[in-house]
Structure formats: structure tokens, C-alpha cells
1. Say we look at the stretch 49-79 and pick out the residues that are of a type in the set (Lys, Arg) and within 10 Å of TRP91 (Cβ to Cβ); which of these is surrounded by the most Cβ atoms within 10 Å (Cβ to Cβ)?
2. Being closer than 12 Å to GLY52 by Cβ and not in a strand (DSSP E or B) is the filter; apply it to the stretch 67-82 and report the residue that is modelled with the highest pLDDT.
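The values are calculated or read from the model by the stated rules, or taken from the named source; none is laboratory data. Only a predicted model underlies this, so the values are computations on that prediction, with no experimental measurement involved. Cβ: placed from backbone, ideal geometry, glycine included. Neighbour counts: every protein chain shown.
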Amino acid sequence: MRVRTALSAFAAIAVVGLGSLGAAAPAVAAPAAASHRVSAVQAADGLDIHRGKYMTLSGCQTAGQQGIDRGHWDRYQCAEGNMWPWKWNLWTNR
């Protein structure tokens, strides 16, 4: 009985969390200071625009490369963060 209650509670939390993922990655983000006041690891070398948080390194790299392919920015870096489960931060130069 406890297992069933725990699983249903976990499922409810997962649905709420996954439901908000669609709104979590905007197409165009504001500068890092204005958009994310949460503790995020900032990249170096003029990559000062935070574009979002990703659960996997490959997801971050895919988004960074797609931005280059579309001409939104010239360079990107996926910096490791400390906010679980969004562990990777995408930083770009513009």
C-alpha cells in the first residue's frame, strides 16, 4: 500500500515537472543577469548570454550547434552546473 502511494506521488511530481519543460527553454533569452538569478556557472571568453539549462550534455551541445547553424550565435559552451536535474548550462556569445 505504501509503495502504491509513493509511486502515485512520484508520478504526479513527474507530470508536473515534465509539463513545465516546454516553457523552460525560450527561443531567445535575455542576458544572464536578467534571465536567471539562480546559481549558474558562467562560461568564460565572452560567452556571457545564458540560453538555458539542459539535463544532458548532448542535449546542450545539440542546442548550441543548432543555434550556430541558424546564425543566432557564433560560439557556444556547455558549462556544468549544480542544479539537479538541469546540470548543463548553454552559454553563447550573442
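1. Restricting attention to the stretch 49-79, the residues satisfying the condition of being of a type in the set (Lys, Arg) are 51, 53, 70, 75.
Still in the running and within 10 Å of TRP91 (Cβ to Cβ): 51, 75.
On the way: ARG51: 25, ARG75: 15.
Ranking the candidates gives ARG51 first.
2. Only one residue tops the list, namely GLY67.
The rows are residues; the columns are (1) among the hydrophobic types (A, V, I, L, M, F, W, C); (2) modelled with pLDDT under 50; (3) in contact with a Lys or Arg (Cβ under 7 Å, 6 or more places away or on another chain).
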site	(1), (2), (3)
THR5	no, yes, no
ILE13	yes, no, no
LEU21	yes, yes, no
VAL38	yes, yes, no
